[in-house]
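Participant: There's a structure below that I have some questions on.
The values are calculated or read from the model by the stated rules, or taken from the named source; none is laboratory data. Remember, predicted model here, so these are calculated numbers, not experimental data. Here the Cβ positions follow ideal geometry from the backbone for every residue, glycine too, while neighbour counts run over all protein chains shown. What goes into the accessible areas is simple: the full protein's heavy atoms, side chains included, and nothing from ligands, DNA or RNA. Shrake-Rupley method; radii C 1.70, N 1.55, O 1.52, S 1.80 Å.
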Amino acid sequence: MKKILLILSIVLYSAALFSCGNEDKGDGTGHMYDVPLLGNPSSLDPQFADDPSSNTVIKNLYSGLMETDSSGNVVCRNAESYTVSDDGRMYTFRLREDNFWFFDENDDDIIDKEEYFPVTAQDYAFALRRVLDPQMKSPYAEDFMCISNAPLVYAGAESPDSLGILAADSKTLIIALDQPNADFLRLMSTAPSYPCREEFFEQTKGRYGLDDRSVMSNGAFFVRQWFYDPYGSNNILYMKRNDANWSETFDIFPSFLSFAIEETEDDIRELFKKDEIECFTTLNSSHYNPDKYVIDGKSAITLGLIFNPEDECYSNANMQRALSLAIDRDSLAEDMNGDLKAARGIIPPSVTIGGKSYREIVPDAEFARFDSEAAAACYEEAKSEIGINTVETVKIIVNGETMDSTYLHEVTQKWQEIFGSYIGIEDLSADEFESRLESGNYSIALYPLRGRYASPSSFFQEFEKRDYLKEALPEEKFTPTLTSCGSESELIAAYSSAERFITESCKFIPLFYKNSYLIADSENEQIAYDPFSGIVDYRLALNYD
């Protein structure tokens, strides 16, 4: 069976190349993209999957009522229009007439009339009920707790049918919130809000999203073949343009996506070096010439110091404040390369609100300051409180895959100059780093803070999810406050207040904003990369090779 599938994949690949050659209009469209996935997608279920490989395929397989455009604005996609009630608690979405489900029932790559049918409001309602069904254990449930009755439903006290979600007719979806939420439209642009057809879901009998015959498409491409053998090679996920949703309104430029499923980034880099793939994502672009490649870098990670709350010395509040006050970020910025920027806040510059960088709206200059005299005073006070004369040498653990430690050495050298004590640096692999954090085997760590979405809320939620970050939070949760703002200005003020609290607590000390990258061959344009979810969107990609 494995050999038969492999032969079939080769035949399909050859046919795709032939078809691509015939369709190429010389304007960059009609191309077959050879691209990678880092690891096999865990699932193609939008209400459940939560890894970059799955996210990328899902983005190209489905589409939602709303989407975020290249400027960070939330705009209509499959919604023709929407209205919001005066009190900000009722959203009414009117669906477009030209978005269709497609499932290739006879597996012949031809879109027959009986194989495609309109997406309905019921499909969106069913999807959101699935997210909030406690039996499903969706990782996105917390994001949608703003929907009326959601907390009771998720606690098992009410059925999913009691949620504030109503398909008034096939083209009208109404969602009621318990309180206004200025971030709700952005939530409706994310994968968990993509539609799910109940009848098809039931037919998969628990296999939904787990193989190529258990998914259907309402987006730009459909899954033609998905083959993965954890002990073999030539693992692929092959997608073809969904012509049922190809129109003047919704352009789909490539004809095919051929994903090579690879186990490591080194494997992917080797394929790119051999010109066997056309782009990949990475945290390190230093080996690639911007004159030869398209390098799209976005500042989407905040690297900050965290402290083991069980460490007698570095759990001391004055010690943490001393280290924070002794960081000269202006001096760091003078020598910084384009990959890193000195950070004073929690939210990195690529996060946008209303199409504008959040960091432009809320400058971070006021969130942290350098004061060597105050730092030295806090340091002496800390030693007195702990009851020690000298501070033992420790090492900051660093995920070596996220950054070059050179700039962190500048920080520790300044500490040595001010305090007369040395703190070292220990570079670890990603797995070793996470293991050390979970086991508590560290004194100080440089933590890479990432949000799941391009939203400040997503970054603050990370503090609630990770035990080793919770020390930075007040006793009451941030999330309810951040999701109950009725206007954009209220939301920005809440974000700013949350940033100020965390930075002043010195439990998480921001040091650097770090870039994530998409690297592509120079003949490519308009490959869209979301550094937060890891999504690579090929819907509008052009290739001029």
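Participant: Going by the structure shown, is residue 166 in contact (Cβ under 8 Å) with a residue 24 or more places away in the chain and in contact with a strand residue (DSSP E or B) (Cβ under 6 Å, 6 or more places away or on another chain)?
Facilitator: Against the criterion (in contact (Cβ under 8 Å) with a residue 24 or more places away in the chain and in contact with a strand residue (DSSP E or B) (Cβ under 6 Å, 6 or more places away or on another chain)), residue 166 qualifies.
Participant: Another question, then. Check whether at least one residue in region 467-489 is assigned to a helix (DSSP H, G or I), touching a Leu at 6+ places or on another chain (Cβ under 6 Å), touching a residue at least 60 places away in the same chain (Cβ under 8 Å) and polar (S, T, N, Q), and report yes or no.
Facilitator: Here is the first cut: in region 467-489, the ones assigned to a helix (DSSP H, G or I) are 470-472, 479-482, 488-489.
Pick out the ones that are also touching a Leu at 6+ places or on another chain (Cβ under 6 Å) and you get none.
Within region 467-489, not a single residue is assigned to a helix (DSSP H, G or I), touching a Leu at 6+ places or on another chain (Cβ under 6 Å), touching a residue at least 60 places away in the same chain (Cβ under 8 Å) and polar (S, T, N, Q).
Participant: When you scan region 84-105, how many residues do you find that are among the charged types (D, E, K, R), in contact (Cβ under 8 Å) with a residue 12 or more places away in the chain and in a loop (DSSP other than H, G, I, E, B)?
Facilitator: Within region 84-105, the first condition is being among the charged types (D, E, K, R), and the residues that meet it are 86-87, 89, 94, 96-98, 104-105.
Those still in the list that are in contact (Cβ under 8 Å) with a residue 12 or more places away in the chain too: 87, 89, 94, 96-98, 104.
Restricting the remaining residues to those that are in a loop (DSSP other than H, G, I, E, B) gives 87, 89, 96-98, 104.
Here the count works out to 6.
Participant: Quick one: residue 414 ticks every box in (1) more than 19 Å from residue 341 (Cβ to Cβ); (2) in a helix (DSSP H, G or I); (3) over 30 Å from the mean Cα position of the chain (by Cα) bar one, so which box is it?
Facilitator: So the condition that residue 414 fails would be (1).
Yes or no, residue by residue, for (1) open to solvent by 40 Å² or more (accessible area, probe 1.4 Å); (2) of a type in the set (Gly, Ala, Ser); (3) at pLDDT below 95:
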site	(1), (2), (3)
120	no, no, no
126	no, no, no
147	no, no, no
150	no, yes, no
161	yes, no, yes
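Each row is one residue, and each column tells you yes or no for (1) over 30 Å from residue 187 (Cα atoms); (2) part of a loop (DSSP other than H, G, I, E, B); (3) open to solvent by 40 Å² or more (accessible area, probe 1.4 Å).
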site	(1), (2), (3)
285	yes, yes, no
306	no, no, no
348	no, yes, no
366	no, no, yes
375	yes, no, no
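Participant: Give me the pairs, please: first residue somewhere in region 332-351 and at positive phi, second residue anywhere and part of a loop (DSSP other than H, G, I, E, B) and open to solvent by less than 30 Å² (accessible area, probe 1.4 Å), beta-carbon distance under 8 Å, and either six or more positions apart or on two chains.
Facilitator: Matching pairs, first to second residue: none at all.
Participant: Follow-up question, since we're still on this one. Name the one entry in 458, 439, 435 that is open to solvent by 80 Å² or more (accessible area, probe 1.4 Å) and of a type in the set (Gly, Ala, Ser).
Facilitator: Exactly one of 458, 439, 435 is open to solvent by 80 Å² or more (accessible area, probe 1.4 Å) and of a type in the set (Gly, Ala, Ser), namely 439.
Participant: Quick test for you: out of 225, 203, pick the one residue that is modelled with pLDDT of 95 or more and surrounded by fewer than 16 Cβ atoms within 10 Å (Cβ to Cβ).
Facilitator: Going through 225, 203 in turn, just one is modelled with pLDDT of 95 or more and surrounded by fewer than 16 Cβ atoms within 10 Å (Cβ to Cβ): 203.
Participant: Identify, from the list 248, 262, the residue that is farther than 15 Å from residue 212 by Cβ and modelled with pLDDT of 95 or more.
Facilitator: 262
Participant: While we're here: Out of curiosity, is residue 211 in contact with a strand residue (DSSP E or B) (Cβ under 9 Å, 6 or more places away or on another chain) and surrounded by fewer than 19 Cβ atoms within 10 Å (Cβ to Cβ)?
Facilitator: yes
Participant: Among the residues of region 308-336 satisfying the criterion of being open to solvent by less than 40 Å² (accessible area, probe 1.4 Å) and of a type in the set (Asp, Glu), which is nearest to residue 396 (Cα to Cα)?
Facilitator: 311
Participant: Could you grab me the full set of residues in region 319-338 that are over 17 Å from residue 416 (Cβ atoms) and in a loop (DSSP other than H, G, I, E, B)?
Facilitator: Of everything in region 319-338, those that are over 17 Å from residue 416 (Cβ atoms) and in a loop (DSSP other than H, G, I, E, B) turn out to be 336, 337, 338.
Participant: Let me ask another. Quick one: would you say residue 473 is at pLDDT below 90, surrounded by 17 or more Cβ atoms within 10 Å (Cβ to Cβ) and under 20 Å from residue 495 (Cβ atoms)?
Facilitator: Spelling it out, residue 473 is indeed at pLDDT below 90, surrounded by 17 or more Cβ atoms within 10 Å (Cβ to Cβ) and under 20 Å from residue 495 (Cβ atoms).
Participant: Quick one: in region 501-545, of everything that is small (Gly, Ala, Ser) and either open to solvent by 30 Å² or more (accessible area, probe 1.4 Å) or without any contact (Cβ under 8 Å) to a residue 60 or more places away in the chain (or both), which residue is farthest from residue 29 (Cα to Cα)?
Facilitator: 505
Participant: Still on this structure, I have one more. Starting from residues that are surrounded by fewer than 22 Cβ atoms within 10 Å (Cβ to Cβ) and within 25 Å of residue 174 (Cα to Cα), keep the ones in region 50-72 and report whichever is modelled with the lowest pLDDT.
Facilitator: Only one residue fits best here, namely 72.
Participant: Turning to a different aspect of this structure: When region 350-360 is examined, which residues are found to be assigned to a helix (DSSP H, G or I) and hydroxyl-bearing (Ser, Thr, Tyr)? It would help to see each step written out before you state the result.
Facilitator: Initially, region 350-360 is screened for residues assigned to a helix (DSSP H, G or I), giving 358-360.
Correct list: 358 only.
Participant: Do we find that residue 250 is aromatic (Phe, Trp, Tyr) and assigned to a loop (DSSP other than H, G, I, E, B) in this structure? If you could, list the steps in order and put the result at the bottom.
Facilitator: Details: aromatic (Phe, Trp, Tyr): yes; assigned to a loop (DSSP other than H, G, I, E, B): yes.
Judged against the criteria, residue 250 is a match.
Participant: Here's something else I'd like to know. When you look at residue 297, is it within 21 Å of residue 520 (Cβ to Cβ), in a strand (DSSP E or B) and out of contact with any helix residue (DSSP H, G or I) (no Cβ under 6 Å at 6 or more places or on another chain), yes or no?
Facilitator: It is true that residue 297 is within 21 Å of residue 520 (Cβ to Cβ), in a strand (DSSP E or B) and out of contact with any helix residue (DSSP H, G or I) (no Cβ under 6 Å at 6 or more places or on another chain).
Participant: Still on this structure, please answer the following. Which residues, counting only those in region 146-179, are farther than 24 Å from residue 532 by Cβ and in contact with an Asp or Glu (Cβ under 7 Å, 6 or more places away or on another chain)?
Facilitator: 148, 149, 152, 160
Participant: Say whether the condition of being part of a loop (DSSP other than H, G, I, E, B), among the hydrophobic types (A, V, I, L, M, F, W, C), in contact with a helix residue (DSSP H, G or I) (Cβ under 8 Å, 6 or more places away or on another chain) and more than 30 Å from residue 511 (Cβ to Cβ) is met by at least one residue in region 226-244.
Facilitator: Taking every residue of region 226-244 in turn, none turns out to be part of a loop (DSSP other than H, G, I, E, B), among the hydrophobic types (A, V, I, L, M, F, W, C), in contact with a helix residue (DSSP H, G or I) (Cβ under 8 Å, 6 or more places away or on another chain) and more than 30 Å from residue 511 (Cβ to Cβ).
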